[in-house]
Amino acid sequence: MIIERHVSPDSMLTFVVERLDDGATLLGFEQGVWHTYPSLLDREDGTTDEAAMGAYIDRLLCGVAVVGVRRKGGAIVDARVIDHPKFEVEALAEGETLEMRHWDGRPWSPALAEESIFAEVLGGLELLQHFGEMPSFHDGEILGLHLDRDGPSTLRVHGWITTDRVGPDGTLVLERHAVVTFTIHGVMDLRLDGFSRQNVIGGLILRRAPDRPERRNYLAFDPTPDDIEIELEPCYGLDGLIRARSVAITFEPGEPGAQDA
């Protein structure tokens, strides 16, 4: 018995959760033979099968997981969630092609996969679920940046998803607006440039902080592999880098209110 069925936005993939006659639960795509069970899913100690399954489906539907779609002669022969995309090509049969994509149809990008850690930080997965894809914050507006030497600092950004639909005014339709707050703990370095009445960014990248030899003398604490970096890509006004011990994300759906005008 099918207890859940999810169809991708482009209608190419259908992911189902099936309850078998013996009570076992099966997860997989209707377009292929691959399947898995809740008991086989990665999880932290103490996590139930039900919770692990919910987190697994959330990562798929919000566009974090990578899906491999195999074709032969143009027809789909299998679809599966891929844990290690770089090694999947080695398993192709003769005459098969492999498309690596996300649920929303975006192609898998090795560079983005290695950099972005939205799904790893507190509140990040909920933000991905709201947007339905990995946000770029292209043309997003910085509403506020508060730096505190003792307590947490905050960065507030207005973001949205740009669709491929054209509105009555001839511009692309923007949807899923949100005011996103990045609560930053343990700021250890920053490099900021520009400031204006309006501060528009070319994009926002959230990643594990890379080693920047030219910034070593500016670090307030000893660096660790878990440090996080927020990069504000330049467009108009404020841009730069913030390195910190940790980041948490909260958001308010909708456009900014009068207090942010």
### Scan of segment 191-223 for residues that are more than 25 Å from the chain's Cα centre (by Cα), of a type in the set (Lys, Arg) and surrounded by 13 or more Cβ atoms within 10 Å (Cβ to Cβ), ordered by number
215
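Name the single residue, out of those in segment 163-186 being surrounded by 15 or more Cβ atoms within 10 Å (Cβ to Cβ) and over 16 Å from residue 124 (Cβ atoms), that is farthest from the chain's Cα centre (by Cα).
By that ranking, first place goes to 186.
Here's the yes/no breakdown for (1) out of contact with any strand residue (DSSP E or B) (no Cβ under 7 Å at 6 or more places or on another chain); (2) farther than 22 Å from residue 161 by Cβ:
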{"position": "206", "(1), (2)": "no, no"}
{"position": "209", "(1), (2)": "no, yes"}
{"position": "213", "(1), (2)": "yes, yes"}
{"position": "216", "(1), (2)": "yes, yes"}
{"position": "243", "(1), (2)": "no, yes"}
{"position": "246", "(1), (2)": "no, yes"}
{"position": "256", "(1), (2)": "no, no"}
### Message
Exactly one condition in (1) of a type in the set (A, V, I, L, M, F, W, C); (2) surrounded by 15 or more Cβ atoms within 10 Å (Cβ to Cβ); (3) closer than 17 Å to residue 12 by Cβ; (4) at pLDDT 80 or above is false for residue 53; which is it?
### Response
(3)
### Message
Suppose the filter is β-branched (Val, Ile, Thr), at pLDDT 85 or above, surrounded by 14 or more Cβ atoms within 10 Å (Cβ to Cβ) and not assigned by TED's automatic domain parsing to the domain that holds residue 250; does residue 76 pass it?
### Response
yes
### Query
Taking residue 205 and the conditions (1) among the aliphatic types (A, V, I, L, M); (2) out of contact with any helix residue (DSSP H, G or I) (no Cβ under 9 Å at 6 or more places or on another chain); (3) outside any loop (DSSP other than H, G, I, E, B), which numbered condition does it fall short on, given that it satisfies the others?
(2)
### Message
Out of 146, 84, 138, I need the residue that is surrounded by fewer than 15 Cβ atoms within 10 Å (Cβ to Cβ), at pLDDT 90 or above and over 22 Å from residue 16 (Cβ atoms). Which one?
### Response
146
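The values are calculated or read from the model by the stated rules, or taken from the named source; none is laboratory data. The shown structure was predicted, so the numbers you read here are calculated from the model rather than taken from an experiment. We place every Cβ from the backbone using ideal geometry, glycine too, and count neighbours over all the protein chains shown.
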